[in-house]
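A short worksheet on the structure shown next.
Just so it is clear, none of the values below were taken in a lab; they were calculated from the coordinates. None of the values given here were measured: they were computed from a predicted structure. A quick note on method: Cβ atoms are made from the backbone with ideal geometry, for glycine too, and the neighbour counts reach across all protein chains shown.
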Amino acid sequence: MSRRWWSLVAMSLAAFMTYLDNNVTNVAIPTIQRSLHLSLGGLEWVVSSYILVFAGLLLAGGRLADLYGRRRLFLIGLSVFMLGSLGAGLAGSGAELIGARLVQGLGAALVVPTTLAIIMATFQNVRERTTAIGIWTAIGAMALAFGPLIGGFISQHFHWGWIFFINVPVGIVTLLIAVFATQESRDPSIVRRLDIPGLISSALALFALTYALIDGHDKGWTSPLILGTFAFAAAAAAAFAVIESRSAHPMVEMRLFRSRIFAGGTVTMMLWAFGIFGIYFFTSIYLQTILGFSPTKAGLAFVPMALCMAAFAGLAGPVSRFLRPNQTVALGMAVMAAGLYLFGRLGGGATFATLMPGFLIFGAGGGLMNVPLTNAVLHSAPPERSGVASALLNASREVAGLLGITIIGAVLRSSQSSALHAGQDAASAYLHGYHSGLILTVALVAAGAVVSFFALRGIPRPAAADERLVPAAAAELSGLAEQEIAEQAGQQLARERVSS
């Protein structure tokens with residue numbers, strides 16, 4: 001096998017590992033809670049800390065890779081990710097685990113933007129490149145489908161630390177393959193300037209908002225610390241908007257949000273991610289704490305949903321030939337809301353069989369809306385800004401996933417606390433809080449159906465020849481869409497527009 005195919009092996013393994021850590025902890029959360037004696041807020045930090053750094057530095061990681069070399073950043077990022085994984089597996093306290101997860105997020109933010117960029121630079125033949133991207137996407141999709149199952153099996157039969165330790169030997173093999181097979185590449189045309197003020201202000205805003213939402217219940221929503229933190233987050237966000245609007249080389253192109261389709265499509269994607277991340281985290285606790293599922297059985301419950309999501313992503317193209325894109329996206333969001341509503345009707349006596357309708361319906365809706373939404377947003381941007389538009393769409397997805405965990409968690413814990421004070425037992429109180437969180441999620445996802453229906457109207461049905469972005473959308477569905485896949489897809493779209 002030639003070196004370029006070995007390079008594909010390394011890129012696929014790296015993408016699988018980094019995105020696996022987005023959801024592999026969810027099913028192991030109850031086991032980690034018992035081992036480290038964490039509160040629900042502490043558990044949220046275990047998951048959110050990784051996503052916080054990953055989302056906050058994703059755009060910067062792609063820019064650094066283009067500036068200083070994609071192979072170099074890949075090797076550095078993978079080494080950092082393995083170091084964080086080792087620290088997470090050895091953690092003996094909640095603080096140590098959260099710190100290690102922050103390091104993992106930093107490594108992932110450096111690794112992920114380089115994987116597809118290296119593939120694009122390595123495979124010059126169009127047919128080989130298409131095959132390579134298809135293989136990369138398929139392997140990455142396994143992280144979404146089997147992450148909860150892997151996390152559940154390991155935490156049930158081994159020490160939970162092995163969900164992180166497993167990254168170390170796999171990472172070493174990946175590192176050795178990359179050193180042997182991958183050649184250096186960079187973008188010589190890129191402006192050698194990193195938007196440091198924008199990066200710092202956005203990171204501060206995200207961290208402050210996350211802290212206030214997670215710790216607000218314990219410290220009091222009206223306490224000076226929490227109110228001050230919310231105010232600080234708002235000020236940092238405002239500063240970020242001003243910086244980006246005035247910067248010659250902004251990290252975020254604020255003018256793109258003047259487009260109704262781009263702004264509405266981005267909001268819709270954020271609401272989609274809000275529902276996905278929220279249901280993964282809190283439903284895992286529900287399955288094990290309330291229903292008494294083993295970690296392996298809880299992980300297995302998520303597999304049909306992920307497979308259904310992938311299957312309906314493939315059906316989105318044919319459906320869009322009969323319905324307009326805004327109708328297809330709105331239908332998908334409405335179906336997701338229906339699946340969440342079914343979960344809201346489940347109680348403490350649910351079984352594996354009674355869970356499946358909600359899981360499958362939710363997965364079908366999540367898959368149906370992704371491809372037409374991604375196409376609509378990319379086509380709404382000017383040809384020369386298509387790559388930046390997709391990068392923003394994907395970064396927004398990660399930020400919304402972070403907010404999904406923190407906001408739903410805030411609602412759940414407040415409702416749970418009220419139920420406990422009313423005399424309910426711990427299991428009933430959690431179930432009450434879980435249902436309250438689901439009600440909020442149903443409302444927001446349903447609002448996404450309305451937003452997409454009106455914001456995306458006027459877009460024609462796609463012809464078969466125009467379905468150029470399915471690989472990028474499929475990767476996004478798998479949790480693999482990030483800056484580099486977005487930029488490559490956007491650049492292809494821009495070239496095709498110019499040539500036509």
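A crude spin-label estimate for the pair Arg255 and Arg345, with each label 7 Å from Cα along the Cβ direction, gives 5.0 nm. Computed over the Cα atoms of the chain, pair by distinct pair, the Kirkwood hydrodynamic radius stands at 22.7 angstrom. What FRET efficiency do you get for Met142 and Thr354 if R0 is 35 Å and r is their Cβ-Cβ distance, rounded to the nearest 0.05? After rounding, the FRET efficiency stands at 0.80.
Helix 426-455 and the longest principal axis of the Cα set of the chain meet at an angle near 30°. Rg over Rh for region 412-452 works out to 1.20, using Cα positions for both radii and the Kirkwood form for Rh.
The angle between the Cα long axis of helix 94-122 and the longest principal axis of the Cα atoms of the chain comes to about 20 degrees, rounded to the nearest 10.
Cα centroid separation, region 95-124 to region 336-364: 33 Å. Using the Cβ-Cβ distance between Arg321 and Val450 with R0 = 25 Å, the FRET efficiency computed as 1/(1 + (r/R0)^6) comes to roughly 0.60. Going from the residue with the fewest nearby Cβ atoms within 10 Å to the one with the most, Ile459, Ile200, Ile119 rank Ile200, Ile459, Ile119.
If the chain linking Ile172 and Arg34 were pulled fully straight, counting 0.36 nm for each residue of separation and taking away their Cα-Cα distance, it would gain 46.6 nm. Over the chain, what is the relative contact order in percent, taking alpha-carbon pairs closer than 8 angstrom and at least six residues apart? After rounding, I find 21 percent. Residue separation of Ser418 and Ala311 scaled by 0.36 nm, minus their Cα-Cα distance, works out to 34.5 nm of gained length. The modelled label-to-label distance between Ala234 and Leu90, using points 7 Å beyond Cα along the C-beta direction, is 4.4 nm.
Between the Cα long axis of helix 295-320 and the first principal axis of the chain there is an angle of about 40°, rounded to the nearest 10. For region 151-231, the normalised intensity computed at q = 0.14, 0.24 Å⁻¹ comes to -0.91, -0.98 (log10 of I(q)/I(0), Debye sum over alpha carbons, equal scatterers, no solvent). Amide H contacts under 5 Å for Ile459: Asn326, restricted to partners 5 or more places along the chain or on a different chain, H placed in the peptide plane at 1.01 Å from N.
Ordering Glu128, Glu244, Glu44 by the number of other Cβ atoms within 10 Å of each residue's own Cβ, fewest first, gives Glu128, Glu244, Glu44.
With the convex hull drawn around the C-alpha atoms of region 232-343, the volume per residue stands at 170 Å³. Counted residue by residue at 0.36 nm each, then reduced by the alpha carbon distance between them, the extension gain from Ala263 to Val179 reaches 26.1 nm.
Going from the fewest other Cβ atoms within 10 Å to the most, the residues Arg63, Arg260 appear in the order Arg260, Arg63.
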